[in-house]
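The values are calculated or read from the model by the stated rules, or taken from the named source; none is laboratory data. Predicted model only: the values in this text are computed from it and were never measured. Every residue, glycine as well, gets a Cβ built from its backbone with ideal geometry; the counts of neighbours run over all protein chains shown.
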Amino acid sequence: MRRPLLAALMALLLVSACSTKLNPFNWFRKSAPAETTALVLPGPEQDARPLVAQVLSMTVEPMKGGAIVRATGLPPTQGWWEAELVALPLGEDGNQIFDFRMLPPIARADVSTQRSREVTAAYQLSDFKLAKIRTITVQGASNARASRR
């Protein structure tokens, strides 16, 4: 009885003493629906690619040296290409917003099934950038998904 209790206490102390990289309580949680934020950048820096119609899912996966933000979007038809998560300036509240942008098909494209239209894009964040971030939001044209620490 004492051994399992002692082992559990040791494990609890070990986890609580972990750095931010190893402590699972400091990782980002599952994404949840969020409000879209309309932010227009001035000047020629504005991206001409339209936002994806709908953001289906978003995850923040820890890795050595930082994390990977991965999002899956659903465009209206097949054939959309050059998908990218475009980072907007970091908000004062620690909210990092990404626009999920991609180019439409060059020729007419079919609608087909949802699975055949899904597109995935990812963005790598360093530990240095992650230290300032509290919330990560990926937004599309009709919805957004956010993950908080």
Enumeration of residues in region 103-119 that are surrounded by fewer than 13 Cβ atoms within 10 Å (Cβ to Cβ) and under 20 Å from Asp47 (Cα atoms):
Ile106
Across region 55-75, what is the total count of residues that are modelled with pLDDT of 95 or more and either within 24 Å of Thr113 (Cβ to Cβ) or of a type in the set (Lys, Arg) (or both)?
11
Criterion violated by Ala146 - all others in (1) loosely packed, with under 13 Cβ neighbours inside 10 Å; (2) closer than 18 Å to Pro33 by Cα satisfied
(1)
Of the residues in region 125-148, how many are touching a Gly at 6+ places or on another chain (Cβ under 6 Å) and within 14 Å of Thr59 (Cα to Cα)?
1
Whether any residue in region 120-138 is in contact with a Ser or Thr (Cβ under 7 Å, 6 or more places away or on another chain), under 17 Å from Arg49 (Cα atoms) and either aromatic (Phe, Trp, Tyr) or surrounded by fewer than 14 Cβ atoms within 10 Å (Cβ to Cβ) (or both) is what I want to check.
yes
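Restricting attention to strands (runs of 3 or more DSSP E) lying wholly within region 53-149, give those where 2 or more residues are in contact with a helix residue (DSSP H, G or I) (Cβ under 7 Å, 6 or more places away or on another chain).
Working: elements: 54-63, 66-74, 81-87, 95-103, 119-126, 135-139, 144-148.
Of the strands (runs of 3 or more DSSP E) lying wholly inside region 53-149, those with at least 2 residues that are in contact with a helix residue (DSSP H, G or I) (Cβ under 7 Å, 6 or more places away or on another chain) span 66-74.
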What pairs come up if the first residue lies in region 82-94 and is within 17 Å of Arg148 (Cα to Cα) and in contact (Cβ under 8 Å) with a residue 40 or more places away in the chain, the second is part of a strand (DSSP E or B) and of a type in the set (Ser, Thr, Tyr), and their beta carbons are under 8 Å apart, counting only those six or more places apart or on different chains?
Asp93/Thr135; Gly94/Thr135
Residues Leu74, Leu85, Leu56: which one is in contact with a Ser or Thr (Cβ under 7 Å, 6 or more places away or on another chain), closer than 24 Å to Pro33 by Cβ and aliphatic (A, V, I, L, M)?
Leu56
